[in-house]
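Read-outs: derived from the displayed coordinates by stated rules, not from any lab. Fair warning: this is a prediction, and the values are worked out from it, not measured in the lab. Cβ placement follows ideal geometry from the backbone for every residue including glycine, while neighbour counts extend to all protein chains displayed.
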Amino acid sequence: MHQYKGKQDKIPKFKYILAVQKVIQEQKLKIMEDVENTFHFKKNGKLYNLLDLPKNEEFIFNGDIDLSHSNSTKLPDLSNVILEGNFNCSCNQLFSLKGTPKIIKGSFNCSFNKLNTLDCVPNASP
C-alpha cells in the first residue's frame with residue numbers, strides 16, 4: 001500500500017484510523033509512502049504505530065496529531081511522545097488529559113470536552 005489519506009490529503013480523522021489500521025494488520029500490508037499520515041512513523045528504521053508504542057522509550061513525532069471530533073472518552077497513551085507539531089483533542093467526551101504527549105512544541109487544543117481536572121497537561125516546549 002503506497003498511502004492512505006483523509007480529506008484534502010490530510011491525516012484521516014482519528015475515528016477512521018483504528019478501522020484502517022485493523023485492515024492493514026489483517027492484510028499484512030506494508031505502507032510505502034506518507035507513513036506520517038497513518039499514525040505510523042519510523043524510528044531507527046523500524047515502523048511504529050503511534051497508538052501502540054512501547055512504554056520504555058521516548059519517541060519524537062514530526063507532525064501534528066488531530067484527535068478532534070472522534071467522540072473519544074479517553075486518549076491513547078502518548079505520554080512518552082515529544083510532539084514537534086500541534087495537538088488537537090477538542091470536541092470529544094474527555095474527562096481527563098491522561099495520555100497527552102510529554103511535550104508539545106506546537107499548539108495544544110483541548111476545548112469542548114468534559115474535563116474534571118487539568119492534571120496531565122503536557123509540558124510546553126522549552
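Numbers below:
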| read-out | value |
| --- | --- |
| Burial ordering of Cys91, Cys110, fewest other beta-carbon atoms within 10 Å first | Cys91, Cys110 |
| Given charges at Cβ of Lys, Arg, Asp, Glu: the chain dipole, positive-most of Tyr16, Asn88, Gln3 | Tyr16 |
| Residue (of Gln27, Ser107, Asn62) at the positive-pole extreme of region 7-124, dipole from beta-carbon charges | Gln27 |
| Net charge of Cβ neighbours under 14 Å - reference Ser107; Lys, Arg +1; Asp, Glu -1 | -2 |
| Mean ellipticity per residue at 222 nm, deg cm²/dmol - from DSSP H runs of n ≥ 4 across the chain, formula -39500 (n - 2.57) | -3500 deg cm²/dmol |
| Charge dipole magnitude, Cβ of K and R +1, D and E -1 - the chain, Cα centre, debye nearest 20 | 260 |
| Lys, Arg +1 and Asp, Glu -1 on Cβ, resulting dipole of region 52-111 about Cα centre, debye, nearest 20 | 240 |
| Using alpha-carbon coordinates, inclination of helix 14-27 to the longest axis of the chain, degrees | 30 |
| Cβ-Cβ FRET estimate between Val20 and His69, R0 fixed at 25 Å, reported to 0.05 | 0.90 |
| Relative contact order %, region 7-124, counting alpha carbon pairs below 8 Å whose residues are six or more apart | 19 |
| Lys42/Thr117 FRET efficiency (R0 41 Å; Cβ-Cβ; nearest 0.05) | 0.75 |
| Per-selection Kirkwood Rh - the chain (Cα, Å, 1 d.p.) | 15.0 |
| Cβ-derived FRET efficiency at R0 25 Å, Leu29 paired with Glu57, nearest 0.05 | 0.50 |
